[in-house]
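Below: one structure, written as structure tokens.
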Amino acid sequence: MKIKVNKFVSRLPEYVPGRTIEEIKKKYGLDTVYKMASNENLYGPHPEVIRKIAGDLKKINYYPDSNFVQLREKLSLKHGVPPDMIVAGNGTDQVIELICDAFLETGENAVIADPTFLIYEKYVIKSGGSVIKVPLFSDNLCQDIGGMLGAVNERTRLIFVTIPHNPSGTGITQDEFDYLAANLPERILLVVDEAYHEYVPPEEKIKTIDYITSKDNIITLRTFSKVYGLAGLRIGYGIANKEVIDVLDRVRLPFNVNSIAQKAAVIALENEDYVERIRADIEKEKQKFYGFLDEINVGYIRSHTNFILIKVGRDSKYTVEELLKKGFIVRPGENLGIPGYIRVTMATPGINKNFLDVFMGIHRKKLGGEQ
Ligand SMILES: Cc1ncc(COP(=O)(O)O)c(C=O)c1O
């Protein structure tokens with residue numbers, strides 16, 4: 001191709017997406033395939049959401065509300081912050097993009113964990129910046145908060161901390177967060193990505209939004225893609241000081257969140273009891289996984305999210321392939337920067353049970369040396 005491509009394109013990290021259900025059905029001639037790879041909510045959204053957005057389909061000839069007024073009001077009530085401290089995006093991904101567009105210039109950098117959610121690096125590079133990567137602690141795969149603060153230099157504009165973390169599922173302690181907030185330079189924006197916040201056990205949740213009232217350089221990100229079960233509609237949001245939100249509002253396109261997504265999010269917020277139900281169910285399922293893995297002596301990382309990292313050793317690609325043949329899509333750790341693990345999204349109880357039966361078969365086969 002003779003067309004000139006922008007320099008940053010060749011520096012973008014490659015995102016290896018999870019395999020699709022249709023692809024695996026076709027490849028292995030299967031009727032049923034379960035996707036336990038992208039941390040979606042396999043219970044689906046609250047039924048009321050589906051019922052009500054169906055009614056709204058007849059209005060899709062109109063542009064959406066460019067200021068998502070209704071959504072802002074609902075979120076304002078939920079979080080106890082004024083509506084002008086909230087911005088929404090086409091998924092949290094887009095809010096991350098807006099942050100990088102608005103606060104990073106060529107030659108500046110962002111501090112991120114390694115590995116972490118790949119999208120941070122992608123948008124930092126797209127904005128002409130670079131990333132300073134701070135490895136997770138090797139024993140427990142937690143973020144090294146002290147190390148991340150220590151990695152800051154005069155060109156650092158952003159720090160991304162993910163609570164709980166993806167791909168490890170680990171949280172950070174209240175003390176660590178306090179330390180981070182207390183030592184955060186005023187000229188740096190701390191981006192706290194809480195995509196899995198609702199899955200954190202209540203006693204371990206950090207009230208990050210409380211810090212925003214006293215600090216104007218923290219933004220908290222949440223999404224409707226995970227526990228609310230709306231990943232396909234693409235809607236997430238950020239909460240920060242009004243001045244930060246004003247800047248993001250100036251950068252974003254007017255109709256960045258479609259009308260069906262806005263409506264679905266509003267209905268989901270009117271049925272918030274669903275969140276606790278899903279959290280409690282997923283917690284039960286995780287406990288079943290831990291018990292099972294303990295029994296067969298397979299390692300794992302305890303998770304604050306709806307996924308678990310299972311330590312399968314050097315042969316994680318083999319395990320992933322064997323699971324695919326039986327209709328279970330999971331993510332190989334190699335694609336996420338944590339070789340030797342597979343990342344498994346908790347599904348519904350019946351699917352999880354089938355998964356564990358199949359996993360057991362693969363494990364036995366491996367122990368028997370048939371691989
Ligand atoms: C840590 C983290 N942040 C953000 C997202 C993206 O969320 P959204 O679907 O709202 O763009 C994900 C999705 O996997 C995630 O794991």
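The values are calculated or read from the model by the stated rules, or taken from the named source; none is laboratory data. A quick note: this is a predicted structure, and the numbers were derived from the prediction, not measured. Every residue, glycine among them, receives a Cβ derived from its backbone with ideal geometry; neighbour counts consider all protein chains shown.
When the residues of the range 122-175 are narrowed to those that are in contact with a Cys (Cβ under 6 Å, 6 or more places away or on another chain) and not hydrophobic (A, V, I, L, M, F, W, C), which ends up farthest from the ligand (Cβ to nearest atom)? In this case the residue turns out to be S127. Any idea which residue in the range 227-238 is nearest to the ligand (Cβ to nearest atom), counting only those that are buried (at least 24 other Cβ atoms within 10 Å of the Cβ) and either small (G, A, S) or under 24 Å from E176 (Cβ atoms) (or both)? If we take residues in the range 227-238 being buried (at least 24 other Cβ atoms within 10 Å of the Cβ) and either small (G, A, S) or under 24 Å from E176 (Cβ atoms) (or both), then G236 is nearest to the ligand (Cβ to nearest atom). Only one of the numbered conditions (1) in contact with an Asp or Glu (Cβ under 9 Å, 6 or more places away or on another chain); (2) surrounded by fewer than 17 Cβ atoms within 10 Å (Cβ to Cβ) is not met by V33, and that is (2). Residue pairs whose Cβ atoms lie under 9 Å apart, sitting 6 or more positions apart in sequence or on different chains, and linking a residue in the range 218-241 that is free of Cβ contacts under 8 Å to residues at least 24 places away in the same chain to a partner that is near the ligand (Cβ under 8 Å from one of its atoms), are G232/S225.
Being more than 10 Å from the ligand (Cβ to nearest atom) and in the same structural domain as S76 (by TED's automatic domain parsing): is that true of A182 here? Criteria met by A182.
Beta carbons closer than 7 Å, at least 6 apart along the sequence or on distinct chains, pair a first residue in the range 269-289 that is closer than 24 Å to I235 by Cβ with a second that is polar (S, T, N, Q) for I278/N41; I282/N306. Kindly indicate whether any position in the range 311-319 is assigned by TED's automatic domain parsing to the domain that holds Y15 and over 26 Å from P115 (Cα atoms). Checked against the condition, which is being assigned by TED's automatic domain parsing to the domain that holds Y15 and over 26 Å from P115 (Cα atoms), the range 311-319 yields no hits at all. Against the list (1) touching a residue at least 40 places away in the same chain (Cβ under 8 Å); (2) of a type outside the set (A, V, I, L, M); (3) in contact with a Lys or Arg (Cβ under 8 Å, 6 or more places away or on another chain), the condition R187 fails is (1).
The C-beta contact set for the range 342-371 (first residue touching a residue at least 12 places away in the same chain (Cβ under 8 Å) and surrounded by fewer than 13 Cβ atoms within 10 Å (Cβ to Cβ), second residue part of a helix (DSSP H, G or I) and not charged (D, E, K, R), distance under 7 angstrom, 6+ apart or interchain) comprises Q371/Y318.
Selection within the range 239-270: residues that are surrounded by fewer than 16 Cβ atoms within 10 Å (Cβ to Cβ) and part of a loop (DSSP other than H, G, I, E, B). The member of this set that is farthest from the ligand (Cβ to nearest atom) is P254.
Residue-by-condition table, conditions (1) in contact with a strand residue (DSSP E or B) (Cβ under 6 Å, 6 or more places away or on another chain); (2) over 16 Å from R331 (Cα atoms); (3) in the same structural domain as V320 (by TED's automatic domain parsing); (4) of a type outside the set (D, E):
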| residue | (1), (2), (3), (4) |
| --- | --- |
| P13 | no, yes, yes, yes |
| E23 | no, no, yes, no |
| L30 | no, yes, yes, yes |
| M36 | yes, no, yes, yes |
| N39 | yes, no, yes, yes |
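Determine whether E295 is under 30 Å from A102 (Cβ atoms) and free of Cβ contacts under 8 Å to residues at least 40 places away in the same chain.
no
For the structure I just gave you, tell me whether K122 is within 28 Å of A37 (Cβ to Cβ), surrounded by 19 or more Cβ atoms within 10 Å (Cβ to Cβ) and among the charged types (D, E, K, R). Here the answer is yes, as K122 does meet what is asked. Residue check: N297 meets all listed conditions (1) closer than 14 Å to N352 by Cβ; (2) out of contact with any Pro (no Cβ under 7 Å at 6 or more places or on another chain) but one, namely (1).
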